[in-house]
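Take a look at the structure below.
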Amino acid sequence: MILENSRNTALERLSLNHYFPIMAMIISIPLIDYIRVIYDDSYPILFAWLSLSYVFGYLYVLIFKVNQYSLRNIIFVMLSIKLYFFVTYLIGGYFQEVSLGDSDWARFHVPRSLGFLNEGWLRIFESMVSESETYNGRLTHLIIILISLFISFFGIDGLSIENIAIAAYAFSLLMLPIIIILFYRAAYLYSKSINFARRAAFFTELSPFFLMSTSNPQKEILLYLSIGLFLIYLVSQEKSIKYLFFSLLIMFFERVYLLPLFL
(Lines give C-alpha, C1' and ligand atoms only; values in the text may rest on other atoms or scores of the structure.)
Protein backbone atom coordinates (compact mmCIF):
# COMPACT_ATOMS: atom_id res chain seq x y z
CA MET A 1 0.00 0.00 0.00
CA ILE A 2 2.83 2.38 0.92
CA LEU A 3 4.65 1.53 -2.32
CA GLU A 4 1.49 2.14 -4.34
CA ASN A 5 0.89 5.51 -2.67
CA SER A 6 4.48 6.53 -3.38
CA ARG A 7 4.10 5.57 -7.02
CA ASN A 8 0.88 7.62 -7.31
CA THR A 9 2.55 10.61 -5.67
CA ALA A 10 5.48 10.36 -8.09
CA LEU A 11 3.09 10.21 -11.07
CA GLU A 12 1.22 13.28 -9.80
CA ARG A 13 4.51 15.14 -9.36
CA LEU A 14 5.62 14.11 -12.85
CA SER A 15 2.30 15.29 -14.28
CA LEU A 16 2.62 18.66 -12.52
CA ASN A 17 6.18 19.11 -13.79
CA HIS A 18 5.05 18.08 -17.25
CA TYR A 19 2.47 20.87 -17.45
CA PHE A 20 4.31 23.55 -15.47
CA PRO A 21 5.92 25.35 -18.49
CA ILE A 22 2.68 25.61 -20.39
CA MET A 23 0.78 26.68 -17.26
CA ALA A 24 3.30 29.49 -16.80
CA MET A 25 2.71 30.58 -20.40
CA ILE A 26 -1.07 30.60 -20.03
CA ILE A 27 -1.23 32.33 -16.63
CA SER A 28 1.16 35.10 -17.70
CA ILE A 29 -1.30 36.46 -20.29
CA PRO A 30 -4.25 37.38 -17.99
CA LEU A 31 -1.83 38.53 -15.27
CA ILE A 32 -0.29 41.03 -17.69
CA ASP A 33 -3.74 42.33 -18.61
CA TYR A 34 -4.71 42.56 -14.93
CA ILE A 35 -1.64 44.63 -14.13
CA ARG A 36 -2.36 46.93 -17.05
CA VAL A 37 -5.87 47.49 -15.73
CA ILE A 38 -4.56 48.31 -12.25
CA TYR A 39 -1.96 50.73 -13.60
CA ASP A 40 -4.34 52.49 -16.02
CA ASP A 41 -3.22 50.75 -19.23
CA SER A 42 0.47 51.12 -18.45
CA TYR A 43 2.89 48.31 -17.70
CA PRO A 44 5.61 49.05 -15.09
CA ILE A 45 8.98 47.53 -15.93
CA LEU A 46 8.95 45.96 -12.46
CA PHE A 47 6.61 43.30 -13.87
CA ALA A 48 8.65 42.54 -16.99
CA TRP A 49 9.41 39.09 -15.63
CA LEU A 50 5.76 38.17 -16.22
CA SER A 51 6.14 38.85 -19.92
CA LEU A 52 9.30 36.80 -20.03
CA SER A 53 7.61 33.84 -18.33
CA TYR A 54 5.75 33.12 -21.58
CA VAL A 55 9.00 33.31 -23.55
CA PHE A 56 10.91 31.13 -21.10
CA GLY A 57 8.13 28.52 -20.96
CA TYR A 58 7.91 28.49 -24.75
CA LEU A 59 11.66 28.09 -25.25
CA TYR A 60 11.96 25.50 -22.47
CA VAL A 61 9.42 23.23 -24.16
CA LEU A 62 11.15 23.56 -27.53
CA ILE A 63 14.75 23.16 -26.37
CA PHE A 64 14.81 21.08 -23.21
CA LYS A 65 11.57 19.15 -22.89
CA VAL A 66 11.91 15.52 -23.99
CA ASN A 67 8.28 14.42 -23.79
CA GLN A 68 6.32 16.94 -25.82
CA TYR A 69 2.68 17.85 -25.26
CA SER A 70 0.11 15.94 -27.26
CA LEU A 71 -1.51 17.51 -30.30
CA ARG A 72 -4.81 17.62 -28.42
CA ASN A 73 -3.22 19.62 -25.60
CA ILE A 74 -1.57 22.02 -28.05
CA ILE A 75 -4.86 22.68 -29.83
CA PHE A 76 -6.66 23.14 -26.50
CA VAL A 77 -4.10 25.64 -25.21
CA MET A 78 -3.97 27.58 -28.46
CA LEU A 79 -7.77 27.84 -28.68
CA SER A 80 -7.96 28.82 -25.01
CA ILE A 81 -5.55 31.70 -25.59
CA LYS A 82 -7.34 32.80 -28.74
CA LEU A 83 -10.73 32.68 -26.99
CA TYR A 84 -9.31 34.74 -24.14
CA PHE A 85 -8.11 37.32 -26.66
CA PHE A 86 -11.53 37.25 -28.31
CA VAL A 87 -13.39 37.92 -25.06
CA THR A 88 -11.04 40.71 -23.96
CA TYR A 89 -11.24 42.30 -27.42
CA LEU A 90 -15.03 42.32 -27.21
CA ILE A 91 -15.11 43.71 -23.68
CA GLY A 92 -12.43 46.33 -24.38
CA GLY A 93 -13.98 47.52 -27.65
CA TYR A 94 -10.90 46.52 -29.63
CA PHE A 95 -12.82 45.60 -32.78
CA GLN A 96 -14.61 48.93 -32.84
CA GLU A 97 -11.38 50.85 -32.30
CA VAL A 98 -9.35 49.11 -35.00
CA SER A 99 -12.23 49.22 -37.49
CA LEU A 100 -11.93 53.02 -37.40
CA GLY A 101 -8.14 52.99 -37.69
CA ASP A 102 -5.70 52.78 -40.57
CA SER A 103 -4.93 49.05 -40.43
CA ASP A 104 -4.53 47.36 -43.79
CA TRP A 105 -7.71 45.30 -43.50
CA ALA A 106 -9.88 48.13 -42.13
CA ARG A 107 -8.59 50.71 -44.61
CA PHE A 108 -8.34 48.57 -47.75
CA HIS A 109 -9.52 44.94 -47.70
CA VAL A 110 -12.92 45.25 -46.04
CA PRO A 111 -14.06 48.46 -47.86
CA ARG A 112 -12.90 47.04 -51.18
CA SER A 113 -14.72 43.77 -50.56
CA LEU A 114 -17.94 45.59 -49.65
CA GLY A 115 -17.56 47.66 -52.81
CA PHE A 116 -17.42 44.50 -54.93
CA LEU A 117 -20.44 43.12 -53.07
CA ASN A 118 -22.43 46.26 -53.77
CA GLU A 119 -21.68 45.95 -57.51
CA GLY A 120 -22.97 42.38 -57.77
CA TRP A 121 -21.62 38.86 -58.29
CA LEU A 122 -20.37 39.55 -61.81
CA ARG A 123 -18.10 42.25 -60.42
CA ILE A 124 -16.95 39.90 -57.68
CA PHE A 125 -15.99 37.29 -60.30
CA GLU A 126 -14.16 39.93 -62.36
CA SER A 127 -12.22 41.02 -59.29
CA MET A 128 -10.95 37.43 -58.89
CA VAL A 129 -9.69 36.97 -62.47
CA SER A 130 -9.17 40.45 -63.93
CA GLU A 131 -5.60 41.48 -64.76
CA SER A 132 -6.39 45.11 -63.92
CA GLU A 133 -7.23 44.37 -60.27
CA THR A 134 -4.72 44.21 -57.45
CA TYR A 135 -3.05 40.82 -57.05
CA ASN A 136 -3.06 41.07 -53.26
CA GLY A 137 -5.81 39.49 -51.20
CA ARG A 138 -8.27 38.40 -53.87
CA LEU A 139 -9.27 35.34 -51.88
CA THR A 140 -9.38 37.43 -48.70
CA HIS A 141 -11.87 39.73 -50.41
CA LEU A 142 -14.07 36.77 -51.37
CA ILE A 143 -14.04 35.43 -47.81
CA ILE A 144 -14.90 38.85 -46.39
CA ILE A 145 -17.84 39.02 -48.82
CA LEU A 146 -19.06 35.58 -47.74
CA ILE A 147 -18.69 36.56 -44.07
CA SER A 148 -20.68 39.73 -44.71
CA LEU A 149 -23.47 37.76 -46.40
CA PHE A 150 -23.42 35.11 -43.66
CA ILE A 151 -23.89 37.52 -40.75
CA SER A 152 -26.47 39.50 -42.75
CA PHE A 153 -28.49 36.30 -43.11
CA PHE A 154 -28.87 36.25 -39.31
CA GLY A 155 -30.03 39.86 -39.15
CA ILE A 156 -26.65 41.35 -38.20
CA ASP A 157 -25.31 44.39 -40.02
CA GLY A 158 -23.06 42.77 -42.62
CA LEU A 159 -21.74 46.12 -43.83
CA SER A 160 -20.22 47.00 -40.47
CA ILE A 161 -16.43 46.69 -40.47
CA GLU A 162 -16.56 45.93 -36.75
CA ASN A 163 -19.03 43.05 -37.21
CA ILE A 164 -16.98 41.65 -40.08
CA ALA A 165 -13.84 41.76 -37.93
CA ILE A 166 -15.61 39.88 -35.13
CA ALA A 167 -16.93 37.23 -37.54
CA ALA A 168 -13.51 36.93 -39.20
CA TYR A 169 -11.95 36.23 -35.82
CA ALA A 170 -14.50 33.47 -35.27
CA PHE A 171 -13.66 32.13 -38.75
CA SER A 172 -9.98 31.98 -37.82
CA LEU A 173 -10.85 29.96 -34.70
CA LEU A 174 -12.43 27.32 -36.94
CA MET A 175 -9.45 27.28 -39.32
CA LEU A 176 -6.66 27.12 -36.76
CA PRO A 177 -7.11 23.48 -35.64
CA ILE A 178 -7.02 22.45 -39.32
CA ILE A 179 -3.77 24.36 -39.84
CA ILE A 180 -2.23 22.82 -36.71
CA ILE A 181 -3.09 19.33 -37.91
CA LEU A 182 -1.56 20.08 -41.33
CA PHE A 183 1.74 21.23 -39.83
CA TYR A 184 1.75 18.32 -37.41
CA ARG A 185 1.09 15.85 -40.21
CA ALA A 186 3.80 17.35 -42.41
CA ALA A 187 6.35 17.22 -39.57
CA TYR A 188 5.47 13.60 -38.82
CA LEU A 189 5.73 12.52 -42.46
CA TYR A 190 9.12 14.20 -42.63
CA SER A 191 10.57 12.85 -39.37
CA LYS A 192 8.54 9.73 -38.56
CA SER A 193 8.74 10.96 -34.97
CA ILE A 194 5.68 11.87 -32.88
CA ASN A 195 7.74 14.05 -30.53
CA PHE A 196 9.27 15.93 -33.47
CA ALA A 197 5.79 16.51 -34.94
CA ARG A 198 4.47 17.70 -31.58
CA ARG A 199 7.41 20.06 -31.17
CA ALA A 200 6.83 21.45 -34.67
CA ALA A 201 3.13 22.04 -33.92
CA PHE A 202 3.97 23.67 -30.59
CA PHE A 203 6.63 25.87 -32.19
CA THR A 204 4.26 27.14 -34.87
CA GLU A 205 0.92 27.44 -33.15
CA LEU A 206 1.99 28.89 -29.79
CA SER A 207 4.50 31.40 -31.13
CA PRO A 208 3.39 34.97 -30.31
CA PHE A 209 3.60 35.92 -33.99
CA PHE A 210 1.22 33.15 -35.05
CA LEU A 211 -1.24 33.91 -32.25
CA MET A 212 -1.41 37.61 -33.08
CA SER A 213 -1.33 37.39 -36.88
CA THR A 214 -4.30 35.07 -37.35
CA SER A 215 -7.09 37.20 -35.92
CA ASN A 216 -8.23 39.92 -38.32
CA PRO A 217 -9.65 39.59 -41.86
CA GLN A 218 -6.26 39.58 -43.50
CA LYS A 219 -4.04 37.26 -45.50
CA GLU A 220 -2.09 35.37 -42.82
CA ILE A 221 -4.64 32.69 -41.98
CA LEU A 222 -4.90 31.76 -45.67
CA LEU A 223 -1.14 31.82 -46.21
CA TYR A 224 -0.64 29.43 -43.28
CA LEU A 225 -3.24 27.13 -44.81
CA SER A 226 -1.53 27.22 -48.21
CA ILE A 227 1.89 26.52 -46.73
CA GLY A 228 0.52 23.65 -44.62
CA LEU A 229 -1.01 21.98 -47.67
CA PHE A 230 2.18 22.46 -49.65
CA LEU A 231 4.31 20.92 -46.90
CA ILE A 232 2.04 17.85 -46.85
CA TYR A 233 2.59 17.45 -50.59
CA LEU A 234 6.32 18.07 -50.29
CA VAL A 235 7.11 15.43 -47.64
CA SER A 236 4.55 12.73 -48.45
CA GLN A 237 5.70 9.76 -50.49
CA GLU A 238 2.42 9.54 -52.42
CA LYS A 239 2.73 13.18 -53.65
CA SER A 240 -1.06 13.60 -53.75
CA ILE A 241 -1.76 16.23 -56.37
CA LYS A 242 -4.80 17.56 -54.49
CA TYR A 243 -2.61 19.06 -51.75
CA LEU A 244 -0.44 20.78 -54.34
CA PHE A 245 -3.44 21.99 -56.33
CA PHE A 246 -5.27 23.60 -53.40
CA SER A 247 -2.04 25.03 -52.01
CA LEU A 248 -1.13 26.75 -55.28
CA LEU A 249 -4.75 27.81 -55.84
CA ILE A 250 -4.91 29.60 -52.48
CA MET A 251 -1.53 31.24 -52.99
CA PHE A 252 -2.38 32.26 -56.57
CA PHE A 253 -5.50 34.17 -55.52
CA GLU A 254 -3.93 35.51 -52.34
CA ARG A 255 -0.32 36.45 -53.12
CA VAL A 256 0.56 35.34 -56.62
CA TYR A 257 4.08 36.76 -56.40
CA LEU A 258 4.89 34.31 -53.60
CA LEU A 259 4.44 31.26 -55.83
CA PRO A 260 8.13 31.18 -56.90
CA LEU A 261 9.06 30.70 -53.23
CA PHE A 262 7.53 27.22 -53.38
CA LEU A 263 10.27 26.21 -55.80
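The values are calculated or read from the model by the stated rules, or taken from the named source; none is laboratory data. Here the structure is a predicted model, which is why all the values come from computation and not from measurement. Every residue, glycine among them, receives a Cβ derived from its backbone with ideal geometry; neighbour counts consider all protein chains shown. Protein only, heavy atoms only, side chains kept; ligands, DNA and RNA dropped before computing areas. Shrake-Rupley method; radii C 1.70, N 1.55, O 1.52, S 1.80 Å.
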Distance in nm between pseudo-label sites at N67 and I45 (7 Å out along the Cβ direction from Cα)
4.1
Where a ≥ b ≥ c are root eigenvalues of the Cα gyration tensor, a/c under 1.5 meaning rounded, otherwise prolate if a/b exceeds b/c and oblate otherwise, segment 18-105 counts as oblate
Leaving ligands, DNA and RNA out of it, report the carbon-plus-sulfur percent of the accessible area of segment 112-169 at a 1.4 Å probe.
63
What is the dipole size for segment 181-263, taken about its Cα centre, with +1 at each Lys and Arg Cβ and -1 at each Asp and Glu Cβ, in debye to the nearest 20?
220
Relative pair counts by distance (%), Cα atoms of segment 112-262, 10 Å bins:
11, 34, 34, 17, 5, 0
Measuring from label point to label point, each 7 Å out along Cα→Cβ, what is the F246 to F125 span in nm?
2.4
For segment 83-215, give the magnitude of the charge dipole about the Cα centre (Cβ charges: +1 Lys/Arg, -1 Asp/Glu; no others), in debye to the nearest 20.
720
Which of the aspartates and glutamates could a cross-linker bridge to K239, judged by Cα under 15 Å and excluding same-chain residues fewer than eight apart?
none
Label-point gap, in nm, between L100 and F56 - each point 7 angstrom along Cα→Cβ:
4.0
Taking K242 as the anchor, which aspartates and glutamates have their alpha carbon closer than 20 Å to its alpha carbon, excluding any fewer than eight residues away along the same chain?
E254
Per residue, how big is the convex hull of the chain when only Cα atoms are used? Give it in Å³.
191
Work through the residues other than I29 whose Cβ is under 13 Å from its Cβ and net out their charges, Lys, Arg +1 and Asp, Glu -1.
+1
Hey, what angle do you get for helix 110-119 against the long axis of the chain, alpha-carbon based, 0 to 90 degrees rounded to 10?
40
Please give the per residue accessible area of segment 97-203, computed with a probe of 1.4 Å over protein heavy atoms only, in Å².
52
So between Y135 and V87, what do we pick up on full extension, going 0.36 nm a residue minus the alpha carbon distance?
13.9 nm
